[in-house]
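Asks: Pasting a structure here, questions to come.
The values are calculated or read from the model by the stated rules, or taken from the named source; none is laboratory data. Keep in mind the model is a prediction, meaning the values are calculated, not measured. Here the Cβ is made from the backbone with ideal geometry for all residues, glycine too, and neighbour counts use every protein chain on show.
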Amino acid sequence: MYEKRERLVKASRDVTMYSKKVIFQVHRLNSKNKESVLEQAERDLANVKMDHVTRVAKELQGSEFWKFRRAYTPGMQEYVEAAAFLEFCKNGRLLTLDDLNESFAELKDASSNDFQLNLLDYLLGVGDLTGELMRLAISSVTDGEVDSAKSICNFVRSLYMSLSLISQEVDDSWEMKQKMEVMLQSLMKIENTCYTVHVRGSEYFPGAVLENIEGQRMEDN
Amino acid sequence: MAGLLPNLRTPACGGLLTRWVALCSFSKRGVALRAVVSARRAPYCSSTEAGKAGSMMELMSVDRQFEEFRLQLEESGAVRERLRAIVSELDSATRLMQAQLLLIHHSRPSPEILSKIKAHTEGLRSIYGQLAEVLKSVPAQYYRYHDHWRNQTYTVVFLLAFIHWLETGGLLSHGDAAALLGLKDGEFGLDLEDYLVGLCNLSNELPRYVVNQVTTGDYDCAKRASVFLSDLYAAFRMLNLRNDLLRKRFDGMKYDLKKVEEVLYDVKIRGLLSDTTPTSAAES
């Protein structure tokens, strides 16, 4: 039993590590290399699934799924985060739990176990997604894509609103609560970024706001 | 060893003695004592009936006292149980309201959103009515159970005060807040500290609100919030707060004010404010 737990922890750690790499890969994204970056990330993610999530799935039979949840939850959360992040960058929507479990269906052949992602790991993983989106929003502003920052902002807002309604009901309410707080922090960072771009953006980007402001400022000085 | 016995005043039946000793949680010593007692029974058993009765009385009074404690604790446990059930309702109501309130960050606050949230006030009133009903059965123990609804009340006050500010641009007074919730001083009132902490929560929310409003193009919002918040801050400064939760929350207020003022500065220096100085009621 202990060995099994050890193996799970190890597999989970590998899932975390390679999922993180996928996330970094997605962060390389900018307006020019979108296709190739996402393709690469998708391939990497599929590899993570086949190579490492399968290892987790192989170990778990029947009630062990919940028994060892603590051992493999970090990896699953990270995987959800990576998959959801990729999906958002590709299609601008939230990856659903059903999507994920559908993609896990093929693991069944590889591991002979019917491995499903549980709701808790999904929610906790989605909670982490906000942090990545925050970084994405800020880097996209740096790239001059203000609109994409705004759409991220709205996406995160609606995500936060939906999660805030159920966060209390989640089993690991404490862990979820922590994540909600971090999520709000990230959301506020995105909002602050949007604000800064909106108010001061006129000084860097042409078009958006009144042209005479610049002149007025000169007079004031 | 024999010297111990007179101290006990109870050279009576061994069973009772052990029980008495056990009650005092000297059970180990009790066994030893009983041995002594049984060995010495003959000479001491001649003690008076009065002494025996006295020891019985003492035992019974100990028992009775603890029985009373048990009843009292069970009673307050039952009260807490009832309160918890009601407070969990309050909790979900406030959570729902808060989630709906998040919508005001998405766009300009529309009257529909606000009226939707305000519709919950009725439910809150009935929940507080239930709490008051429970508290009526234990008069004058408001503060004994206060912790149960305290956190939720902060949020309730924050929600009501925020909505009030959004609608009128003014501050919801303590009396008005209590009236909205159907609370009366004297029986089940709105604790002043709860009210004030709720206002601190309002202050914490304003910077975020202002940032988002300015982003959607409502530049005058910064002006309104800044005026309101500095008034509120000035009013809080008049209070002589001691080192407690409220004081800590108040200390945080200056950062909210700072943030709002920064936004106002940003907006003003770029000439984005409308020329007419907006009165606080302009929006409604």
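Asks: Look through A:103, A:151 and report the one residue that is in the same structural domain as residue A:31 (by TED's automatic domain parsing), surrounded by fewer than 17 Cβ atoms within 10 Å (Cβ to Cβ) and of a type in the set (Ser, Thr, Tyr).
Replies: A:103
Asks: Go through segment A:171-198 and give me each residue that's more than 9 Å from every other protein chain (Cβ to nearest Cβ), in contact (Cβ under 8 Å) with a residue 12 or more places away in the chain, charged (D, E, K, R) and part of a helix (DSSP H, G or I).
Replies: A:175, A:179, A:189
Asks: If the requirement is being touching a residue at least 40 places away in the same chain (Cβ under 8 Å) and assigned by TED's automatic domain parsing to the domain that holds residue B:123, which of these qualifies: B:186, B:169?
Replies: It is B:169.
The rows are residues; the columns are (1) closer than 30 Å to residue B:137 by Cα; (2) outside the structural domain of residue B:165 (by TED's automatic domain parsing); (3) of a type in the set (S, T, N, Q).
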residue	(1), (2), (3)
B:178	yes, no, no
B:198	yes, yes, no
B:219	no, yes, no
B:229	no, yes, no
B:232	no, yes, no
B:239	no, yes, no
B:249	no, yes, no
B:252	no, yes, no
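Asks: Which condition breaks for residue B:123 when tested against (1) touching a Ser or Thr at 6+ places or on another chain (Cβ under 9 Å); (2) modelled with pLDDT of 90 or more?
Replies: (1)
Asks: Quick one: how many residues across segment A:127-170 are away from chain B (no Cβ under 14 Å) and over 12 Å from the mean Cα position of the chain (by Cα)?
Replies: The number of residues fulfilling the criteria is 8.
Asks: When you scan segment B:92-107, how many residues do you find that are in contact (Cβ under 8 Å) with a residue 24 or more places away in the chain, closer than 24 Å to residue A:188 by Cα and either more than 12 Å from chain A (Cβ to nearest Cβ) or in a helix (DSSP H, G or I) (or both)?
Replies: 7
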